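Written out below as structure tokens is the structure these notes cover.
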Ligand code: GLN
């Protein structure tokens, strides 16, 4: 009990947890002791996990880091978290995130930003990345061995890169979205975050699997990811997409990438250059499709069904909607809703939304063609190391640029992982990204293992 209390307490200066539930971790530890005595240990028996506060947890406040969900305590458990408890894990607490998972720095949270355990030059406080920044900070600070994340456009991979840990977003549909607060439904995907590739394999195996309650869930057996781990890449081909090396790419990131290529060659892989010609449209495409879906998904927060209700005296229904949304949503969420409703409006639908959907298909086709020549792709995860808190907060476009290497795989629904690739000259972690064929989480994990 002491250790679990200490772990959540140590998270307070980082602002990693929104809700602390060490008693649940303790319950799982007690159950694990009994299971051990009975010779009946499960894959995650007694493992204390952090849960991104986007997963609904029965009887435990779930906020998506938004004031809009103030007072919301789900009466049901998300499929992914239910699977984790069935596998023997216990919950240490609900981890902070960008509000409704919209952001790349954890600064859009209603509960304040998370602080990375890493420090910049002159002790400057850094972002742990986002949106799964509570997860990345807690793992990097050794406050929990592993945590869940969700990734819509990079929210597992970029925070993993910024904090020197590993994180995997599986193929879209591998992990159920049921009970996960929705951001952009055609992109949202739960995944694993932990210090090592092996821990990611174990956690993902427990989270994944068919769920009839999610219409986009894949009805396929979950591969035995841990048993299938191998760091030999003999006979494998690794593709290097040339469009990911734009003019002006940070020299340290370019050097990191070159090192990664050498490591994969050392593991036996052949390296080939490939082309993903529509890469330069990916960011714009993502920032049309994700807000469009968000504006539709977030329409449910009307002051009636969930959480916050602001009902001014004598107000009618429209006034209640307006007051509730004005008070409940943060600036970034409002920005996304406005962009989303704009690109879906009758006059602009074809020019923006339809066009973005077409380009999305072209991007997916690029990947399919590249995978005729190689088994996995290697790229950097992010264009820089972690930036300082406050540095990009005032400029949304600057912030969006951070997602340039992660959104293409999201648009194509592909499995992708970030692993630590070394340190920058300032001593900050840098991440390498492996992108795989649809359903080939094993190939992604194995290439990541070779880089570890
Ligand atoms: N940073 C991206 C965004 O703000 C991705 C977020 C995510 O993957 N949830 O939309």
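With a ≥ b ≥ c taken as the square roots of the eigenvalues of the C-alpha gyration tensor of the stretch 346-392, please select rounded if a/c is under 1.5 and otherwise prolate if a/b is larger than b/c or oblate if it is not? Because a/c hits 1.5 or more and a/b fails to exceed b/c, the stretch 346-392 counts as oblate.
Under the criterion of Cα pairs below 8 Å and six or more residues apart, the relative contact order for the stretch 367-452 equals 35 percent.
Given R₀ = 60 Å, what would the calculated FRET efficiency be for residue 351 paired with residue 37, taking r from the Cβ atoms and rounding to 0.05? Efficiency, rounded to the nearest 0.05: 0.35.
Highest-first packing order for the peptide set 147-155, 371-379 is 147-155, 371-379, based on the mean count of other beta carbon atoms within 10 Å. Protection proxy ranking of 310-317, 162-169, 14-21, by the mean of other Cβ atoms within 10 Å over each peptide's residues and highest first, is 162-169, 14-21, 310-317.
Shape of the stretch 119-230 from its Cα gyration tensor (a ≥ b ≥ c, root eigenvalues): rounded if a/c is under 1.5, otherwise prolate when a/b > b/c, or oblate? Oblate, because a/c is 1.5 or more while a/b does not exceed b/c. So what is the relative contact order for the stretch 294-343, in percent, with contacts set as C-alpha pairs under 8 Å and at least six apart? After rounding, I find 44 percent.
In the chain, helical runs assigned H by DSSP with n ≥ 4 each contribute -39500 (n - 2.57); averaged across all residues and rounded to the nearest 500, the mean residue ellipticity at 222 nm is -10500 deg cm²/dmol. Please say if the stretch 200-316 is rounded, prolate or oblate, where rounded means a/c under 1.5 for a ≥ b ≥ c the square roots of the C-alpha gyration tensor eigenvalues, and otherwise the choice is prolate for a/b larger than b/c and oblate otherwise? Cα axes put the stretch 200-316 in the oblate bin. For the chain, the Kirkwood hydrodynamic radius from C-alpha pairs, put into Stokes-Einstein at 37 °C and a viscosity of 0.692 mPa s, yields a diffusion coefficient of 150 µm² per second.
Normalised by the number of residues in the chain, what is the relative contact order in percent for Cα pairs under 8 Å and 6+ residues apart?
Here the relative contact order equals 18 percent.
Any read-out appearing in this document is the output of simple, stated calculations on the displayed coordinates, not a laboratory observation. Values in this document were obtained by computation on a predicted structure and should not be read as measured data. Positions of Cβ are backbone-derived with ideal geometry, glycine not excepted, and every protein chain shown enters the neighbour counts.
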